[in-house]
Amino acid sequence: MSQACKILQASAKNIDLCVDLLRDEAVVGVPTETVYGLAGNALNDVSLQKIFEVKGRPMLDPLIVHFSSIEQAEIHAEFNERARALAAQFWPGALTLVLPKKDTISDLVTAALPSVAVRVPEHLIFRSLLERLDFPLAAPSANPFGYVSPTLAEHVVATLGDRILAVIDGGACKHGVESTIVDLRDPDAPKILRPGPLSAEQLGIQDAKMELKQSSNKLAQAAPGMLTQHYSPNTPITLFGHDEQPSNVQKSEAVLYNTKPAGKVAENTFWLSEGGDLTEIAHNLFMLIQKLDVRDYTQLKVERAEHVDIGIAVNDRLSRAAAK
Ligand code: AMP
Ligand code: MG
């Protein structure tokens, strides 16, 4: 793959360069606190088309729009009191709200739905871009549609390097999984559409026990675009239970535990966290999967996380990555 894409250090000069590129309708890779995003002008159909083209993303999969402040978000989405309260508490942060859209938002953003997904991100580099621009940024993950999400600038170059000009380097993404999406169109019945770094408990949302059944496509109906199969590396993934052991491991297969196993470990054994910390497991999840995906393993056997807090988001991504 020819790689025209430059990894830019986050200097003032390079931020200016990316601001110019975004004003010129280009799309740029940006670090966020969740995963790397592919950012483009959310109010410009040319930029929006480019996002879909670069990712190979179906137009039916709506985009999240990022703003510098809640005031900016209120210009383009219809907030209710519950949404205002959640935004006041958790923005800037890894919370996306689905709300009725205003007329400024194009059908390209929402897959023609009357609702729009909005977020105010926390990452300083992403924020500095938003603060300089007079438009919000649509920014899905900066990877080809369906592949593992990028958590390093190098991941963006490896998969989209021949299709975009630049990615700003912000190091490894803090959370490592995408934002929690809450449907707040009905303020009395908030629904978690995608588990993420903020749990239902933290958000004070009851009745949000989302059990992702691998074979079920229920979510695809609840949130358009949330396909059962997603986040998939080229190497097939199978899962085994939390605190259990994988069966019948071959030398050609890699095993990924949550926690470093005691004693001497085989060469094909890996772990997501020394001590089993869930935040660290999420942070390292996509990074380790991408690292192993370019080796010659015939299969990745991955331990499910404990099903609490951000572990719910980890299990959601793992189930989709393993789905056939
Ligand atoms: P990504 O850009 O990969 O982080 O994914 C964004 C996801 O947000 C989509 O796949 C949808 O599941 C969800 N989403 C975005 N906009 C809407 C919307 N208007 N209504 C419901 N879900 C949405
Ligand atoms: Mg994505």
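A few points about this structure:
- Cubic angstrom per residue, convex hull over Cα atoms of segment 32-75: 92 Å³
- Phi-based couplings in Hz for segment 61-70 (Karplus 6.51, -1.76, 1.60; Gly and Pro marked x): 9, x, 9, 8, 9, 9, 10, 7, 7, 5
- Solvent exposure of the chain as accessible area per residue, Å², 1.4 Å probe: 43 Å²
- Fluctuation leader among 73, 117, 42 - the chain, Gaussian network, Cα springs under 10 angstrom: 73
- Degrees between helix 278-293 axis and first principal axis of the chain (Cα, 0 to 90, nearest 10): 80 degrees
- Segment 1-95 - percent of accessible surface contributed by carbon and sulfur, probe 1.4 Å: 52 percent
- The DSSP beta bridges internal to segment 20-171 are antiparallel in roughly 75% of cases.
- Per-residue ³J(HN,Hα) for segment 150-167, Karplus 6.51 cos²θ - 1.76 cosθ + 1.60, θ = phi - 60°, Hz, x for Gly and Pro: x, 10, 9, 4, 4, 5, 5, 5, 5, 10, 10, x, 8, 10, 10, 8, 8, 9
- Overall form of segment 110-175 per C-alpha gyration tensor (a/c, 1.5; a/b vs b/c): oblate
- Candidates 128, 11, 69: whichever shows maximal mean-square fluctuation once the chain is modelled as a Gaussian network with Cα springs under 10 Å: 11
- With the alpha-carbon atoms of segment 246-299 aligned to their principal axes, the span from lowest to highest coordinate is 29, 26, 17 Å, starting with the largest.
- Cα-based convex hull, segment 38-176, per residue volume (Å³, whole number): 105 Å³
- Scanning residues 5 or more positions from residue 147 or on other chains, those with amide H under 5 Å from its amide H are 231, 232, with H placed 1.01 Å from N in the peptide plane.
- Sorting the segments 140-149, 266-275 by their mean number of nearby beta carbons within 10 angstrom, highest to lowest, gives 140-149, 266-275.
- Between the amide H of residue 37 and those of 30, 32, 142, distances stay under 5 Å, these residues lying 5 or more places away or on another chain, with hydrogens modeled in the peptide plane.
- Under a model in which nothing but the beta-carbon of Lys, Arg (+1) and Asp, Glu (-1) is charged, the chain shows a dipole of about 600 debye around its Cα centre.
- For residue 123, the residues whose modelled amide H falls within less than 5 Å of its own, excluding neighbours fewer than 5 places apart on the same chain, are 33.
- D_trans [Stokes-Einstein, Kirkwood Rh over alpha-carbon pairs] for the chain, 25 °C, 0.890 mPa s, µm² s⁻¹: 123 µm²/s
- Comparing 65, 46, 182 in a Gaussian network model of the chain where C-alpha atoms under 10 Å apart are linked, the largest mean-square fluctuation is found at 46.
- Unsatisfied cross-links (Cα-Cα over 21 Å) in the set 301/324; 13/291; 13/50; 264/301: 13/291; 13/50
- Note on segment 38-109: Rg/Rh from C-alpha atoms, Kirkwood Rh, equals 0.98.
The values are calculated or read from the model by the stated rules, or taken from the named source; none is laboratory data. Note that the structure is a prediction, hence the values are computed from the model and not measured. So basically every Cβ, Gly included, is an ideal-geometry build from the backbone, and we count neighbours across all protein chains shown. Accessible surface areas use protein heavy atoms only, side chains included; no ligands, DNA or RNA. Shrake-Rupley method; radii C 1.70, N 1.55, O 1.52, S 1.80 Å.
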